[in-house]
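The values are calculated or read from the model by the stated rules, or taken from the named source; none is laboratory data. Everything numeric in this text was worked out from a predicted model, so none of it was measured. A quick note on method: Cβ atoms are made from the backbone with ideal geometry, for glycine too, and the neighbour counts reach across all protein chains shown. Surface areas here come from the heavy atoms of the whole protein model, side chains and all, with no ligands, DNA or RNA. Shrake-Rupley method; radii C 1.70, N 1.55, O 1.52, S 1.80 Å.
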Amino acid sequence: MAFRLFVPILAGATLRERLLACIGATIGIALTGVISGLAMGGGPHVALLVAPMGASAVLLFAVPASPLAQPWSITGGNSISALVGVTVAHFVHDPVIASGLAVALAIAAMSFTRCLHPPGGAAALTAVLGGPAVVSAGFLFPFVPVALNSTLLVTLGFLFHRLARRNYPHVVAPAANSHGTADPPPQERVGFRPEDIDAALATLDETFDIDRDDLERLLRQVELQAMVRSHRTLLCSDIMSRDVISVPEDATADAARQQLLDHNIRTLPVVDAEARLVGAVGLRELTKATDTVKGVMSKVGTASPDTPAMSLLPVLTDGRSHAVVIVDAERRILGLITQTDLLAAAARVRGADTARAAA
């Protein structure tokens, strides 16, 4: 317990993520300095980089999903805070009073403009205590170098995260109803509701460094993982259909359509010449077909036989997928699980749980 204070508390902070953060910060800060130098020229009284950029780089590259690390938070937070600091320094000449007032007003300004960014406090303080380079810049300081540095750093961060395949700027895509109606998606009709999150946050009366939509997404995933864990013994191999009707990729659309109708099924796996799964077709895809199924087949969800069956819920409740194909390591078809199969299994497990509780 004595060493618990030294344990990182960031959720999901893997070694890979930290190494990416180090590489990104190196590139971001170095190039920001180089480009700023080319834009402003050299000289002892020219501030090419301001110290708050180091703190901004920590947020931008180490926790890019944080609301405090988004583009407007960085550019607006640093620039507005620097402007506040310069203004306070202009009217308040006592450095101690000016320092406290600048940071306090910077927090207020960032809060009202929805760009709260911790390094902004340092930008405000730098504007008050920055020395000759800041004094010589005057009211230009918030724009050059602060706004220039911030904009360059965000641009470089955007490019770096794109190359690293990270989601930045961080946007939570809401789960949409694929049927175009006002109803929420099936997976959001049970369990907690958005108002429950608001009530919980109000009860805790604390501010957390996570977007509210991210919090909801995380809690729904926790619900799913808890359910999968509690029913881990029910595997895909236990409930899958094994006599799977499939169609070769060079089959005609008419032949595939007839297969769907003859067997009263909604999804038809498509296989290549070596019997490996390459996609799937349904009546929706076949309405666009003019030749073979290869040109209209869509991607299909897959799983292995030893996958917990309940983990297929997100796929089978997305409003588009009607089945998941169970495959081996070489993508050869072993079975298939439909929405009906999973519903029947869930009802059976629920019945067994109820009976066990009654006993």
Original post:
Quick one: putting +1 on the C-beta of Lys and Arg, -1 on the C-beta of Asp and Glu, what dipole do you get for the chain around its Cα centre, in Debye to the nearest 20?
Top reply: 360
**OP:** Output ³J(HN,Hα) for the stretch 194-209: one whole-Hz value per residue in order, computed from phi by the Karplus curve 6.51 cos²θ - 1.76 cosθ + 1.60 with θ = phi - 60°, and x for Gly and Pro.
**Re:** x, 5, 5, 5, 4, 5, 5, 5, 5, 5, 5, 6, 9, 9, 10, 7
Subject >> Gained length - R18 relative to S298, 0.36 nm times residue gap less alpha-carbon distance >> reply: 97.1 nm
Subject >> Accessible carbon and sulfur surface of the chain relative to its total accessible area, %, 1.4 Å >> reply: 64
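What is the magnitude of the charge dipole of the stretch 229-301 about its Cα centre, with +1 placed on the Cβ of each Lys and Arg, -1 on the Cβ of each Asp and Glu, and no other charges, expressed in debye to the nearest 20? All intermediate terms of the calculation are to be shown ahead of the outcome.
Working: 10 positive and 10 negative charges, 101 e Å.
Dipole magnitude for the stretch 229-301 comes out near 480 debye.
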**OP:** Rank R242, R16, R266 by mean-square fluctuation in a GNM of the chain with C-alpha springs under 10 angstrom and give only the top-ranked residue.
**Re:** R16
**OP:** Name the long-range amide H neighbours of R166: under 5 Å, sequence gap of 5 or more, or other chain; modelled H, no Pro or chain starts.
**Re:** none
Original post:
To the nearest 10 degrees, how steeply does helix 253-263 sit against the main Cα axis of the chain, on a 0 to 90 scale?
Top reply: 70
Subject >> Where T252, T317 fall by accessible area, highest first, once all protein chains stay in place (1.4 Å) >> reply: T252, T317
Original post:
How far is helix 52-62 tilted off the main Cα axis of the chain, in degrees rounded to 10, range 0 to 90?
Top reply: 10
**OP:** At most 10 other Cβ atoms within 10 Å plus a DSSP loop assignment makes a site exposed; report the longest stretch of the chain without any exposed GluC sites (Glu not before Pro).
**Re:** 1-205
Original post:
If you build a Gaussian network model of the chain, linking Cα atoms that sit under 10 Å apart, which residue out of G12, G33, G85 swings the most?
Top reply: G12
Original post:
Whose amide H sits under 5 Å from the amide H of V271, counting only residues 5 or more places off or on another chain, with H placed in the peptide plane?
Top reply: V247, E249, V278
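State whether the stretch 12-97 is rounded, prolate or oblate according to the following rule on the C-alpha gyration tensor (a ≥ b ≥ c being the square roots of its eigenvalues): a/c under 1.5 gives rounded; otherwise a/b larger than b/c gives prolate, and the remaining case gives oblate. Could the numbers behind the result be given before it?
Working: a/c = 2.65, a/b = 1.48, b/c = 1.79.
In terms of gyration-tensor shape, oblate.
Relative contact order, percent, of the chain when contacts are C-alpha pairs under 8 Å separated by at least 6 residues?
Details: 494 pairs, mean separation 47.5, N = 359.
Taking the mean separation of contacting Cα pairs over the length of the chain, I get 13 percent.
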Original post:
Using the Cα gyration tensor of the stretch 1-153, with a ≥ b ≥ c the square roots of its eigenvalues, what is the shape: rounded (a/c below 1.5), prolate (a/b larger than b/c) or oblate (neither)?
Top reply: oblate
Original post:
What residue among A127, A62, A251 has the largest mean-square fluctuation in a Gaussian network model of the chain, using Cα springs under 10 Å?
Top reply: A251
Subject >> Rg to Rh quotient for the chain, alpha carbon positions, Kirkwood Rh >> reply: 1.13
**OP:** Divide, for the stretch 197-327, the radius of gyration over alpha carbons by 2.2 N^0.38 Å, where N is the residue count.
**Re:** 1.41
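Normalised by the number of residues in the stretch 18-95, what is the relative contact order in percent for Cα pairs under 8 Å and 6+ residues apart?
Numbers: 38 pairs, mean separation 21.2, N = 78.
Normalised by residue count, the contact order of the stretch 18-95 is 27 percent.
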Subject >> Once exposed loop chymotrypsin sites (Phe, Trp or Tyr not before Pro) are cut out (DSSP; at most 13 other Cβ, 10 Å), longest piece of the chain >> reply: 4-207
Subject >> Net charge dipole size for the stretch 244-359 [Lys, Arg +1 and Asp, Glu -1 on Cβ; Debye, nearest 20] >> reply: 440
Original post:
Tilt of helix 339-358 relative to the longest C-alpha principal axis of the chain, in degrees (0 to 90, nearest 10)?
Top reply: 80
Original post:
How much solvent-accessible surface does H263 expose, in Å² to the nearest 10, with a 1.4 Å probe and all protein chains in place?
Top reply: 90
Original post:
In nm, what is the difference between 0.36 nm times the number of residues separating V171 and D196 and their Cα-Cα distance?
Top reply: 6.8 nm
